[in-house]
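Data block below; observations after.
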Amino acid sequence: MKRIIYIIISIVLAQSAFAQEGFKTLQHEVGISTALLQNIVVNQGEAQPYTFSYKLISGDKAIRLGIGATFDRVFSREEGFADSETNINYSTDLRIGYEWRKALGDKKRWLAYVGMDLIALQGMDKTIIDSGFDKVSEYERSLGLGLGSAVGLQFYINEHLSLSTEGAIYFVGQENTSARLFQNFPDFDDVLNTTQEFHFNSILPTSIYLNYKF
């Protein structure tokens, strides 16, 4: 967590210096992913993790930010039984980086860009089983940091509105912690199990963003 805070502070300071250097030409762009609507219409699979995006643009460069979150809670109980089961899953994803932009064509409606990003992610998968005699919680928590690059394409409908999509590859180091905890009998609690993973995450350019620049 300290590393995530350090990264965020570093980027905020860089953004401040970036703004002071060329604040006469600064523009802001906010975007929202249409992945949820796309999944409803065409069932394309898992949504892109960054639901919202923000860019601080100066000429052909930009500082970029992406954030997304998911939450799911399912409660189940079989008829005629007192036992119940609750499943809780949530995750948050953060991306902060720098972007190089290039207008394409004479009318400059098309734009290509390349970005370099730092990313942070965390998640929780928790199952609570209530037998009436005891509550047993099984959980797995994950925390990851990484970096990588993205390539995107953007089309401006007019001066302010645009559509964009991008693909990315990130190298991520992730720590997972799991345990089983007994509410009434803590002596039976599992010893915390911690594992570390290093892997590549790829994001295909299947999600479309609706952007507004001002």
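A few remarks follow.
- Restricting attention to the stretch 90-135, the residues being under 27 Å from HIS160 (Cα atoms) and of a type in the set (Ser, Thr, Tyr) number 2.
- Residue list for the stretch 61-120, filter: of a type in the set (Val, Ile, Thr), farther than 22 Å from GLY146 by Cβ and surrounded by 15 or more Cβ atoms within 10 Å (Cβ to Cβ): THR86, ILE88
- Counting only residues that are touching a residue at least 60 places away in the same chain (Cβ under 8 Å) and of a type in the set (A, V, I, L, M), the stretch 143-175 holds 2 of them.
- Here the stretch 131-142 is the region considered, the condition is being outside any loop (DSSP other than H, G, I, E, B), touching a residue at least 40 places away in the same chain (Cβ under 8 Å) and surrounded by fewer than 17 Cβ atoms within 10 Å (Cβ to Cβ), and the residue that is farthest from the chain's Cα centre (by Cα) is LYS135.
- Residue within the stretch 124-133 that is hydroxyl-bearing (Ser, Thr, Tyr), at pLDDT below 85 and closer than 27 Å to SER84 by Cβ present: yes
- Of the set (1) in contact (Cβ under 8 Å) with a residue 12 or more places away in the chain; (2) over 30 Å from VAL74 (Cβ atoms), all apply to LYS107 but (1).
One line per residue, one yes/no per condition, for (1) surrounded by fewer than 11 Cβ atoms within 10 Å (Cβ to Cβ); (2) part of a strand (DSSP E or B); (3) out of contact with any Ser or Thr (no Cβ under 7 Å at 6 or more places or on another chain):
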position: GLU166; (1), (2), (3): no, yes, yes
position: PHE171; (1), (2), (3): no, yes, yes
position: THR177; (1), (2), (3): no, yes, no
position: THR195; (1), (2), (3): no, yes, yes
position: PHE198; (1), (2), (3): yes, yes, yes
position: THR206; (1), (2), (3): no, no, yes
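- Any hit, the stretch 123-140, residues being of a type outside the set (Gly, Ala, Ser) and touching a Gly at 6+ places or on another chain (Cβ under 8 Å): no
The values are calculated or read from the model by the stated rules, or taken from the named source; none is laboratory data. As the structure is a prediction and not an experimental result, all values here were calculated from the model. Using ideal geometry, Cβ is built from the backbone for each residue, glycine included, and neighbour counts are taken over all protein chains shown.
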